[in-house]
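Student: Attaching a single structure in structure tokens format; questions to follow.
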Amino acid sequence: MSRMEQDERIDTAHRPTQDKWQIGGQTLSSRFFLGTGLFPNPHVQMAAIQASGAEVLTFAIRRINLEATEDDSILQHFEEGQFHYLPNTSGARTAEEAVRIARLARASGLSDWVKVEISANERTLLPDPIETLKATEILVKEGFVVLPYISDDPIICKRLEEAGAAAVMPGAAPIGTGLGLLNPYNLGLIVEDARIPVIVDAGLGSAGDVAQAMELGVSGILMNTPVAKAKDPVGMARAMRLAIEAGRLAYLSGRIAKKRYASASSGLEQYKLM
């Protein structure tokens with residue numbers, strides 16, 4: 001047995017088994033949502049997905065042909081019922097475009113889950129809050145399980161929750177930048193006020209970023225670029241999975257309070273001379 005296989009057995013043995021959560025009536029064990037784009041080839045893609053332990057896969061509807069034959073569709077690599085699909089509306093510039101894409105995905109039998117992603121600026125790809133809220137309201141009324149991608153603004157996140165979003169997905173930084181958590185304070189406020197899952201989506205670059213986000217109390221992580229574009233996507237997928245688990249366990253365990261001054265951990269007072 002290789003060292004990696006031994007480590008994997010240890011990881012599995014010590015992994016929390018009761019820390020499940022729900023979105024849209026679906027119970028999930030993994031807190032890792034993985035995008036399927038940008039991988040160098042399908043073999044690496046599938047190996048990375050397996051290493052990630054992800055149960056939810058996301059992809060842009062515009063990137064796949066829903067009427068494709070088995071030879072040219074990325075969906076042919078996945079067995080039916082193996083994953084929850086989260087199609088996204090990447091490329092949409094308005095609520096109307098996003099709604100049309102979501103309806104197309106559901107009509108094709110793909111999923112009634114949808115990640116609403118509406119960007120008005122091609123340089124920053126930052127989400128348009130007004131159009132995102134509008135699309136969320138429409139799609140919720142039509143029975144979709146809506147997970148909107150949005151900026152790390154506590155107010156718009158609350159408005160999306162009130163509109164019926166199944167989860168909110170604030171970005172840590174602009175998509176694909178790998179800048180990490182630019183505003184952990186805001187993410188903390190979003191988590192504190194939310195009654196639905198908070199999933200950090202976009203901008204993370206390292207396992208350290210992932211652990212930091214999870215320690216804030218977010219419910220999960222969605223990423224693609226940091227895994228797919230890594231030198232070793234499979235190894236990075238596993239690293240991100242372990243970072244999610246470590247950050248989640250640290251959050252549940254409760255970190256010590258920050259103090260301004262030092263305090264000895266060795267109990268030096270008991271050794272004072274009489």
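The values are calculated or read from the model by the stated rules, or taken from the named source; none is laboratory data. Because the structure is predicted, anything quoted here is derived from the model rather than measured. Note that each Cβ is placed from the backbone with ideal geometry, even for glycine, and that neighbours are counted across all protein chains shown. Accessible surface areas use protein heavy atoms only, side chains included; no ligands, DNA or RNA. Shrake-Rupley method; radii C 1.70, N 1.55, O 1.52, S 1.80 Å.
Student: Would you mind working out the magnitude of the charge dipole of the stretch 130-274 relative to its Cα centre, with +1 at each Lys and Arg C-beta and -1 at each Asp and Glu C-beta, to the nearest 20 Debye?
Tutor: Charge dipole, the stretch 130-274, about its Cα centre: 540 debye, nearest 20.
Student: With a 1.4 Å probe and all protein chains kept in place, how do Glu122, Glu142, Glu161 rank by accessible area, largest first?
Tutor: Ranked from most to least accessible, the order is Glu122, Glu142, Glu161.
Student: Quick check: Cα centre of the stretch 98-133 to Cα centre of the stretch 142-187, how many Å?
Tutor: 13 Å
Student: Just the number please: accessible area per residue for the stretch 154-274, 1.4 Å probe, all protein chains included, in Å².
Tutor: Using a 1.4 Å probe on heavy atoms only, each residue of the stretch 154-274 averages 54 Å².
Student: Still on this model: In the full protein assembly as shown, how much of Trp21 is accessible to a 1.4 Å probe, in Å² to the nearest 10?
Tutor: Only protein atoms counted, so the area is about 20 Å².
Student: If I compute solvent accessible area with a 1.4 Å probe over the protein chains, what percent of it on the stretch 154-274 is carbon and sulfur?
Tutor: Of the solvent-accessible surface of the stretch 154-274, carbon and sulfur hold 56 percent.
Student: Mind counting lysine pairs for me in the stretch 98-233? Cα separation below 21 Å, and the two need to be 8 or more apart along the chain or on different chains.
Tutor: Step by step, the pairs that qualify in the stretch 98-233 add up to 5.
Student: Name the trypsin sites (Lys or Arg not before Pro) in the stretch 107-194 that are in a loop by DSSP and that have at most 13 other C-beta atoms within 10 Å, would you?
Tutor: For trypsin sites (Lys or Arg not before Pro) across the stretch 107-194 that sit outside H, G, I, E and B with at most 13 neighbouring Cβ atoms in 10 Å, the list reads Arg123.
Student: Oh, and also: Could you state how much accessible area Glu192 has, in square angstrom rounded to the nearest 10, with a 1.4 Å probe and all protein chains kept in place?
Tutor: 150 Å²
Student: So what does Asp153 come to for accessible area, using a 1.4 Å probe and Å² rounded to 10?
Tutor: My reading of the accessible area for Asp153 is about 70 Å².
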